Amino acid sequence: MADDTPEMIDLMFDLDGGILPGSYPFALWAALLHHLPQLAEEQQVGILPLRLSESQEGMLLPKRAKLVLRLSSALADHAVAGLQGRQLDVSGNPLLLGSGKKRTIQPSPTLHAQLVSGASDEVLFLDIVNAQLGKMGITGNLICGMRRTLTGDQQSIQGYSLVVHDLKPEDSLLLQYAGLGEGRQYGCGIFVPYKVISGLD
């Protein structure tokens, strides 16, 4: 494990809410900072993308939805105390956080990120990602997915969805701890186990 990468955990909160805007990640981060400004002090804090379904009014939050923060284990207790039971204002939409529960990050040979920021050219994007992984001492094979854009009122993040497979356990943990690219606080560059792919060469 890289010396400069802290041990990370996932901190899960039950959610009670309804409709969120498509650009919710930016407003969600701002709402979390309102209650816990210390989150901004840790560069590798991330928010896993919410599982939402589209509706005519916006993005619908399903029942049993979870908000998952990826942060250092040292910050976890402080985050639980500062966030559980809080009501967030996400672009005028109330979002109530339940109790916080810690979840240990587990290694998986195949990981997926919804959006890793980077170059618009796919070949260049993969070259840069391979270079970043090499610098981290991680070996694995890449599958580049769809070009994606996350757009808010004042900023936009572009990149690709990405699968990294054939990872050793220690490399899998490091990639989940460190992430790739910018925008982890908006759900970008965060890797989670991916179990759909099979029969990969």
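A short reminder: the numbers here are calculations on the coordinates, not readings from a lab. Remember, predicted model here, so these are calculated numbers, not experimental data.
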Subject >> Unsatisfied cross-links (Cα-Cα over 29 Å) in the set LYS63/LYS195; LYS63/LYS135; LYS101/LYS135; LYS63/LYS102 >> reply: LYS63/LYS135; LYS101/LYS135
Original post:
Any idea what the relative contact order of the stretch 80-201 is, in percent, if you count C-alpha pairs under 8 Å spaced at least 6 apart?
Top reply: 32 percent
Original post:
Pick from LEU61, LEU115, LEU33: which residue has the top mean-square fluctuation in a GNM of the chain where Cα pairs under 10 Å get a spring?
Top reply: LEU33
Original post:
Based on the Cα gyration tensor of the stretch 111-193, what are the three equivalent ellipsoid semi-axes, each the root of five times an eigenvalue, rounded to whole Å and given largest first?
Top reply: 21, 14, 10
Original post:
Hey, how many Å between the Cα centroid of the stretch 1-45 and the Cα centroid of the stretch 101-155?
Top reply: 18 Å
Original post:
Using the Cα gyration tensor of the stretch 71-123, with a ≥ b ≥ c the square roots of its eigenvalues, what is the shape: rounded (a/c below 1.5), prolate (a/b larger than b/c) or oblate (neither)?
Top reply: oblate
Original post:
Which aspartates and glutamates does LYS66 reach when only Cα atoms under 14 Å apart count, and residues fewer than 8 places away in its own chain are ignored?
Top reply: ASP10, ASP14, ASP16
Subject >> Unit Cα scatterers, Debye sum, the chain: log10 I(q)/I(0) for q = 0.18 Å⁻¹ >> reply: -1.33
Original post:
Is the stretch 8-104 best put as rounded, prolate or oblate by its Cα gyration tensor, with a ≥ b ≥ c the root eigenvalues, rounded for a/c under 1.5, and otherwise prolate when a/b is larger than b/c, oblate when not?
Top reply: prolate
